[in-house]
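Peer 1: Dropping a structure here in structure tokens format, bear with me for questions.
The values are calculated or read from the model by the stated rules, or taken from the named source; none is laboratory data. The structure presented is a predicted model; accordingly, all values stated were derived computationally and were not measured. Cβ placement follows ideal geometry from the backbone for every residue including glycine, while neighbour counts extend to all protein chains displayed. SASA here: full protein model, heavy atoms, side chains in, ligands and nucleic acids out. Shrake-Rupley method; radii C 1.70, N 1.55, O 1.52, S 1.80 Å.
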Amino acid sequence: MSQALSLAYREPLHIVGGEGAHLIDADGIRWLDLVNNVAHFGHGHPRVVAAAQRQLALLNTNTRYLHGSVIEYARRLARRSRTR
């Protein structure tokens with residue numbers, strides 16, 4: 001691996017899966033995942049997986065390029081922030 005990659009552990013975890021709020025290592029040990037961006041929904045949440053599948057079937061990019069879903073997301077986010 002590149003030296004530019006930062007690792008959080010002296011002995012890196014060999015993660016083979018995730019379920020709910022946990023990561024699962026190669027030995028089957030479950031680790032509470034407080035680092036990745038899954039704290040709200042967990043690993044493998046059915047609605048998140050379904051939404052990701054729908055999006056990946058259409059387009060897999062980032063916000064470097066303008067596309068309709070980014071604009072729609074910004075509008076929806078702006079509406080939510082005004083109602084709170």
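Peer 1: List pairs: first residue in region 1-23 and more than 19 Å from residue 46 (Cβ to Cβ) and part of a loop (DSSP other than H, G, I, E, B), second residue modelled with pLDDT of 85 or more and of a type in the set (A, V, I, L, M, F, W, C) anywhere in the structure, Cβ distance under 9 angstrom, at least six positions apart or on different chains.
Peer 2: If the second residue must be modelled with pLDDT of 85 or more and of a type in the set (A, V, I, L, M, F, W, C), the pairs left are 13/23; 13/26; 13/29; 13/31; 14/26.
Peer 1: A further question on this structure: Of the numbered conditions (1) assigned to a loop (DSSP other than H, G, I, E, B); (2) surrounded by 11 or more Cβ atoms within 10 Å (Cβ to Cβ), residue 52 fails exactly one; give the number of that condition.
Peer 2: (1)
Peer 1: Looking at region 62-84, I want the residues that are outside any helix (DSSP H, G or I) and have a partner that is open to solvent by less than 100 Å² (accessible area, probe 1.4 Å) with Cβ atoms under 6 Å, at least 6 apart or on another chain. Which pairs are those?
Peer 2: From region 62-84, the pairs are 63/70.
Peer 1: Among residues belonging to region 22-48 that are of a type in the set (A, V, I, L, M) and modelled with pLDDT under 90, point out the one that is surrounded by the fewest Cβ atoms within 10 Å (Cβ to Cβ). Full working, then the answer.
Peer 2: At the first step, the residues of region 22-48 found to be of a type in the set (A, V, I, L, M) are 23-24, 26, 29, 32, 34-35, 38-39, 48.
Next, only the ones that are modelled with pLDDT under 90 stay: 34-35, 38-39, 48.
On the way: 34: 8, 35: 10, 38: 18, 39: 10, 48: 14.
Top of the filtered list is 34.
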